[in-house]
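Input: a single structure, listed below in structure tokens.
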Amino acid sequence: MCGRKTLTKDIASIIHEMDIEECEANNYIPNYNIAPTQFSPILIKHNNKRRIKMMKWGLIPKWSKDLSIGSKMINARIETIMEKPSFNSLIHSNRCIVLVDGYYEWDSTTSQPYYLYHQKKHILPIAGLWTKWQTPNSKSICSYTVITTTPKNNISRIHNRMPVILHKDNIGTWIDSKNNNILTILGKIKKYKPTLKFHPVSKTVNSIKNNSKKYIEPIQIKATINCFTNK
């Protein structure tokens, strides 16, 4: 699963790198330890323009009576996404890009945290779904879930799941709700195998209270795997 991530770039850099045309993320600040239930910038298509909007991590379906369910819906498995009622309708109309420049994963055996990121430190565009939930007092909350898949390349050495990372050429197709050829779209994004770098980081990142650049820096451990090979 994907349960912690980072977005450390400033808003101007995000807008430039992702060709953003509209920004509703004025309260965004770079974050080295984004956790479920927190807000972060999400890319959607609105009136044929690329827009980023702050959304809450953890999907809150429209039928939900309260927002607590969101903490249980931070991820959606790509293998069953068409079968789940909470996701089936959204896959056609509410696809989004979760913007991160890295994410944390914990070794399934040792619980050692690792930081995973693009080899050129670019933004990793992750496939997601989003929706808008109405509170009892008529306040709207936009929320999202991260789509996950089986790990590609070297990632399986750490964990048996990873987020679905999109090739830059598939970003426009993914966020375009007018394109409803879902099986074709899913087929394309499943084929992409991104090459990520990763290294062990301090276990202090386990606490969401710890949020600074030092938590993504590599540490030395008694390695059981080669953390820097892509073979």
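The values are calculated or read from the model by the stated rules, or taken from the named source; none is laboratory data. These numbers were taken from a predicted model, which means no experiment stands behind them. Glycine also receives a Cβ, built like all others from the backbone with ideal geometry; neighbour counts cover every protein chain displayed.
For the stretch 34-70, a residue qualifies if it is surrounded by 13 or more Cβ atoms within 10 Å (Cβ to Cβ), in a helix (DSSP H, G or I) and either free of Cβ contacts under 8 Å to residues at least 24 places away in the same chain or among the small types (Gly, Ala, Ser) (or both), and the qualifying residues are 69, 70. Just one residue in the set 33, 88 is within 28 Å of residue 12 (Cα to Cα) and polar (S, T, N, Q); that residue is 33. Scanning the stretch 5-23 for residues that are free of Cβ contacts under 8 Å to residues at least 40 places away in the same chain and surrounded by fewer than 16 Cβ atoms within 10 Å (Cβ to Cβ) gives 10, 12, 13, 16, 19, 21, 22. I'd like to check something: does the stretch 132-150 contain any residue that is part of a helix (DSSP H, G or I) and not aromatic (Phe, Trp, Tyr)? Looking through the stretch 132-150, none of the residues is part of a helix (DSSP H, G or I) and not aromatic (Phe, Trp, Tyr). Note on the stretch 11-33: residues that are within 19 Å of residue 57 (Cβ to Cβ), of a type outside the set (S, T, N, Q) and not in a strand (DSSP E or B) total 7. If you scan the stretch 169-191, which residues turn out to be free of Cβ contacts under 8 Å to residues at least 40 places away in the same chain, exposed (fewer than 14 other Cβ atoms within 10 Å of the Cβ) and not in a helix (DSSP H, G or I)? Scanning the stretch 169-191 gives 178, 181.
So which residues in the stretch 86-112 are closer than 23 Å to residue 41 by Cβ and out of contact with any strand residue (DSSP E or B) (no Cβ under 9 Å at 6 or more places or on another chain), if there are any at all? The one that is closer than 23 Å to residue 41 by Cβ and out of contact with any strand residue (DSSP E or B) (no Cβ under 9 Å at 6 or more places or on another chain): 93.
Identify the residue in the stretch 195-214 that is touching a helix residue (DSSP H, G or I) at 6+ places or on another chain (Cβ under 8 Å) and among the polar types (S, T, N, Q) and, among all such residues, is modelled with the lowest pLDDT.
195
Flag not set for residue 123, criterion: within 19 Å of residue 186 (Cβ to Cβ) and either aliphatic (A, V, I, L, M) or surrounded by 18 or more Cβ atoms within 10 Å (Cβ to Cβ) (or both). For the stretch 92-120, a tally of residues being under 21 Å from residue 185 (Cα atoms), modelled with pLDDT of 95 or more and either surrounded by fewer than 21 Cβ atoms within 10 Å (Cβ to Cβ) or in contact with a Cys (Cβ under 8 Å, 6 or more places away or on another chain) (or both) returns 1. In the stretch 73-93, which residues are of a type outside the set (A, V, I, L, M) and under 15 Å from the mean Cα position of the chain (by Cα)? Across the stretch 73-93, the qualifying residues are 75, 77.
Cβ separations smaller than 8 Å between residues 6+ apart or across chains give the following pairs from the stretch 80-100 residues that are free of Cβ contacts under 8 Å to residues at least 40 places away in the same chain to residues that are of a type in the set (Val, Ile, Thr) and assigned to a loop (DSSP other than H, G, I, E, B): 88/81.
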